[in-house]
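Below is one structure, written out as structure tokens, with a few remarks after it.
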Amino acid sequence: MKFESLIFDIDGTLWDSRALVAEGYNQQLREEGMEESCVDAERLRPLFGKVMTAIADALFPQLPPAERYSLMERCMERENRYLAENPCRIGYPGIEEALENLAKHHRLFIVSNSQQGYPELCIQKLGLSKWISGHLCFGDTGTSKGQTIRTLMERFQITSCAYIGDTQGDYEATLEAGIPFIWADYGFDTPAGYSLRIHRPRDLIQLEQEEKL
């Protein structure tokens, strides 16, 4: 076994929630009379994986910073409620099978740039609780994803690990954290580098069998 633990991103790696997130945001925006700021899945694609302040800067540049960040918080709270009420049949095929197999030999974790409550929703909706040993997100730490990864590693005494994600931001986070990056190329972005590459979640099982994990 090469890695004691494996850490997963959420969006673009475990599921594709863009359409549902957009609708959650839009419910809040319409309620506040801001229909002109409504978004769709494609508008969110390049923003997924960024911290909430960066998303707010991109979506609501017409508002002063304090107002746009407050609005972003309300949109994300509405998003959480909307996702909680929705069946969320948006997990990538093979995710459960991959995690079930990997959990036999590794501890599995999640680190996301999301708000608090989002990792828990993902775990609950995809039925992953029996395989995920812990999670942290930007809403918990308020730090960069790389630092959040380091915090998780320290908290759970992780001795060696790799991060599975899909974006340039994920790759940069692994550079900051000093760990290998496994690129899920079925996700949302093309990073500048990676240690290993998968085309679908089940490819992780093959990497495990080849003793690359």
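Annotation: of all residues in region 169-211 being touching an Asp or Glu at 6+ places or on another chain (Cβ under 9 Å), open to solvent by 20 Å² or more (accessible area, probe 1.4 Å) and among the small types (Gly, Ala, Ser), the one that is nearest to LEU6 (Cα to Cα) is GLY169. Going by the structure shown, is LEU121 touching a strand residue (DSSP E or B) at 6+ places or on another chain (Cβ under 7 Å) and either open to solvent by less than 60 Å² (accessible area, probe 1.4 Å) or under 21 Å from ILE205 (Cβ atoms) (or both)? Considered against the rule, which asks whether it is touching a strand residue (DSSP E or B) at 6+ places or on another chain (Cβ under 7 Å) and either open to solvent by less than 60 Å² (accessible area, probe 1.4 Å) or under 21 Å from ILE205 (Cβ atoms) (or both), LEU121 comes out as no.
For region 169-213, give me each residue that is in a helix (DSSP H, G or I), hydrophobic (A, V, I, L, M, F, W, C) and within 14 Å of the chain's Cα centre (by Cα).
Selection gives ALA173 alone.
This table checks each residue for (1) at pLDDT below 95; (2) within 22 Å of the chain's Cα centre (by Cα).
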position: GLY33; (1), (2): no, no
position: THR53; (1), (2): yes, yes
position: ALA56; (1), (2): no, yes
position: LEU63; (1), (2): no, no
position: TYR69; (1), (2): no, yes
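Inside region 91-123, residues that are of a type in the set (Asp, Glu), under 18 Å from ASP11 (Cβ atoms) and either more than 12 Å from the chain's Cα centre (by Cα) or part of a loop (DSSP other than H, G, I, E, B) (or both) make up a count of 1.
The criterion of being assigned to a helix (DSSP H, G or I), farther than 24 Å from PRO191 by Cβ and open to solvent by 50 Å² or more (accessible area, probe 1.4 Å) holds for ARG81. Say we look at region 135-163 and pick out the residues that are assigned to a helix (DSSP H, G or I) and of a type in the set (A, V, I, L, M, F, W, C); which of these is modelled with the lowest pLDDT? This residue is PHE138.
Filtered by the rule that a residue be of a type outside the set (D, E, K, R), open to solvent by 50 Å² or more (accessible area, probe 1.4 Å) and assigned to a loop (DSSP other than H, G, I, E, B), region 124-134 gives a lone residue, SER129.
When the helices (runs of 4 or more DSSP H) confined to region 15-67 are screened for residues that are crowded, with 16+ Cβ neighbours inside 10 Å, those reaching at least 2 such residues are found at 18-31, 52-59.
Specify the residue that is surrounded by the fewest Cβ atoms within 10 Å (Cβ to Cβ); the eligible residues are those in region 156-168 that are out of contact with any Asp or Glu (no Cβ under 8 Å at 6 or more places or on another chain) and not aromatic (Phe, Trp, Tyr). Of everything passing the filter in region 156-168, GLN157 is surrounded by the fewest Cβ atoms within 10 Å (Cβ to Cβ).
The values are calculated or read from the model by the stated rules, or taken from the named source; none is laboratory data. Remember, predicted model here, so these are calculated numbers, not experimental data. Here Cβ is always computed from backbone atoms with ideal geometry, including for glycine, and neighbour counts include all displayed protein chains. Heads up: the accessible areas ignore ligands, DNA and RNA and are worked out on the full protein's heavy atoms, side chains in. Shrake-Rupley method; radii C 1.70, N 1.55, O 1.52, S 1.80 Å.
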